[in-house]
Amino acid sequence: MTMKKTRLKERGIMPALNRIAAATVAAAALGAASISTAPAAYAATAPACVVRSVHNDANGFSVFLVNKCTKTMKVQVIVDWAPDSPCYTIPVGGERYYRYDGLLGFYNSTAVC
């Protein structure tokens with residue numbers, strides 16, 4: 001051990017530095033794990049009781065959603081090549097309208113969120 005490390009150990013600083021180094025390595029490992037276990041791009045498809053009506057036009061598309069399920073549903077419209085819709089909470093018997101205006105995006109599905 002070098003003279004500097006000996007002095008640090010005598011002062012009780014070396015164990016603290018070891019704990020900091022271990023915490024840094026653990027944090028880096030957790031960060032890497034969270035990147036590799038990122039959630040899937042799409043959630044499960046919404047059940048059939050969430051009725052969808054999709055209409056395409058020259059400027060994009062619109063989706064009309066009706067919740068015919070027996071409970072409140074949280075759903076979002078999945079759009080390919082553009083951002084997805086926000087997560088909508090639709091009560092039993094409720095309706096929601098989503099409009100996408102753009103050239104690149106097109107309707108993929110409706111998913112639970």
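Structure above, values below:
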| read-out | value |
| --- | --- |
| Length gained when the stretch K74-V51 is fully extended (0.36 nm per residue, less Cα-Cα span) | 7.0 nm |
| For segment 98-113, 3J(HN,Hα) per residue [Karplus equation, 6.51 cos²θ - 1.76 cosθ + 1.60, θ = phi - 60°, Hz, x = Gly/Pro] | 10, 10, 10, 10, x, 8, 8, x, 8, 4, 10, 6, 10, 10, 6, 9 |
| Exposure rank, largest accessible area first [L103, L65; 1.4 Å] | L103, L65 |
| Under-5 Å amide H pairs with C69, H placed in peptide plane, nonlocal only | G93 |
| Carbon and sulfur %, accessible surface of segment 48-97 computed with the full protein complex present, 1.4 Å | 55 percent |
| Other-chain or far-sequence residues with amide H under 5 Å of S109's (modelled H) | I78 |
| Amide H within-cut-off set for G102, under 5 Å, with H built and near neighbours excluded | G60, F61 |
| Note, ³J(HN,Hα) from phi for segment 50-66, Karplus 6.51, -1.76, 1.60, rounded to Hz, x at Gly and Pro | 8, 7, 10, 10, 9, 10, 8, 8, 5, 9, x, 7, 10, 10, 10, 10, 10 |
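The values are calculated or read from the model by the stated rules, or taken from the named source; none is laboratory data. Please read these numbers as outputs of a predicted model, since none were measured by experiment. The area values use the complete protein model at the heavy-atom level, side chains included, leaving out ligands, DNA and RNA. Shrake-Rupley method; radii C 1.70, N 1.55, O 1.52, S 1.80 Å.
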